[in-house]
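Participant: Let me begin by handing over the structure; questions about it come next.
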Amino acid sequence: MTVPELVKFLQLAQHITVLTGAGVSAESGIPTFRGPQGLWKAHRPEELATPKAFMHDPELVWEWYDWRRRLVAQCQPNDAHHILARWSQNYSKFTLITQNVDGLHERTGTANVINFHSSIWELCCLNRCAASPDRWVDESVPLSPLPPQCPSCGRLARPSVVWFGESIDEKVLARSLSS
């Protein structure tokens, strides 16, 4: 599709759904996972992004996530993020489904974002204690203490991101499918 064809298509569109992945944030300085300089070239996902890895060494996993949070905190949304934010304001039926966990779409004010893999800025109680919310936002950089604890029960907290071997949250999946 050419640019003029895309413009015409967008002018006639009644509902727009956009799917983004790591590439949209790469220009902002956030490394992708599978590209030439991808994070999985230097790290094994089995050691950092699985429930088993977390249970084996929560400190190591949290050190990696804290490093990523520090990196993301220094990055700024790029032109693609800003254009999508404008689209979300201009189209009443706009949905952005992102596999990214960095929050850059939200920083630009993009409306109706579905975080398919959750957010690096959200934590949850590992034990899912009854007193704790399902997840909470903590934008502290650096995190302290590390590893962080559930504010309700004081036990270990984990990133709320979807790890390898875990399912996408049913509500997130349903919302994505209805977009």
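Participant: Any chance you could give the angle, 0 to 90 degrees and rounded to 10, that helix 58-74 forms with the longest Cα principal axis of the chain?
Facilitator: Computed tilt is about 40 degrees.
Participant: Right, another one. Could you work out how much longer the chain between ASN127 and ARG86 gets when fully extended? Use 0.36 nm per residue separation minus the Cα distance between them, nm to one decimal.
Facilitator: On the way: separation 41, 0.36 × 41 = 14.76 nm, distance 3.97 nm.
Full-extension gain reported as 10.8 nm.
Participant: For LEU19, put the label point 7 Å out on the Cα→Cβ axis and report which residues of the range 148-172 keep their amide N under 15 Å from it.
Facilitator: 168
Participant: Quick check on the chain: helices-only [θ] at 222 nm, where DSSP H runs of length 4 and up contribute -39,500 (n - 2.57) each and the sum goes over total residues. Nearest 500, please. If you can, show how the numbers build up before the last one.
Facilitator: Details: 9 runs with 70 residues, N = 179.
So the helix-based figure for the chain works out to -10500 deg cm²/dmol.
Participant: Oh, and also: Specify the residue with the greatest mean-square fluctuation among GLN11, GLN89, GLN76, computed from a Gaussian network of the chain linking alpha-carbon atoms under 10 Å apart.
Facilitator: Result for the chain, Cα springs under 10 Å: GLN11 fluctuates most.
Participant: Next up: For the pair GLU5 and ARG107, how long in nm is the line joining their label points, each one 7 Å along Cα→Cβ?
Facilitator: Between GLU5 and ARG107, the label points sit 3.5 nm apart.
Participant: Please state the Cα pair-distance histogram of the range 40-179 with 10 angstrom bins from zero: what percent is in each bin?
Facilitator: Histogramming the range 40-179 at 10 Å steps yields 11, 37, 36, 15, 1 percent.
Participant: Related question: Compute the long axis of helix 79-90 from its Cα atoms, compare it with the longest principal axis of the Cα atoms of the chain, and write down the angle in degrees, 0 to 90, nearest 10.
Facilitator: The angle comes out at about 70 degrees.
Participant: Another question about this same structure. Rounded to the nearest 5, what % of the DSSP beta bridges within the chain are antiparallel ones?
Facilitator: Bridges in the chain are about 45 percent antiparallel.
Participant: So, taking all protein chains as they sit and a 1.4 Å probe, how much accessible area belongs to TYR91, in Å² rounded to tens?
Facilitator: Roughly 50 Å² of TYR91 is accessible to a 1.4 Å probe.
Participant: Tell me the per residue accessible area of the range 8-139 using a 1.4 Å probe; a whole number in Å² is fine. Before the final figure, lay out each step's value.
Facilitator: On the way: 7330 Å² over 132 residues.
Per residue, the range 8-139 has an accessible area of 56 Å².
Participant: Considering the alpha-carbon set of the range 118-179 alone, what are its Rg and its Dmax in angstrom?
Facilitator: That works out to 12.9, 39 Å for Rg and Dmax.
Participant: May I pose another question? How many percent of the accessible area of the chain is carbon or sulfur, using a 1.4 Å probe? Let's see the in-between values first.
Facilitator: Details: 5480 of 10410 Å².
Percent of accessible area from carbon and sulfur atoms in the chain: 53.
Participant: How much of PHE94 can a 1.4 Å solvent probe reach, expressed as accessible area in Å² and rounded to 10?
Facilitator: Surface accessible to solvent at PHE94 totals approximately 10 Å².
The values are calculated or read from the model by the stated rules, or taken from the named source; none is laboratory data. Computed from a predicted structure; not experimentally measured. Every residue, glycine as well, gets a Cβ built from its backbone with ideal geometry; the counts of neighbours run over all protein chains shown. Each accessible area value is taken on the protein alone, full model and side chains, heavy atoms only, with ligands, DNA and RNA left out. Shrake-Rupley method; radii C 1.70, N 1.55, O 1.52, S 1.80 Å.
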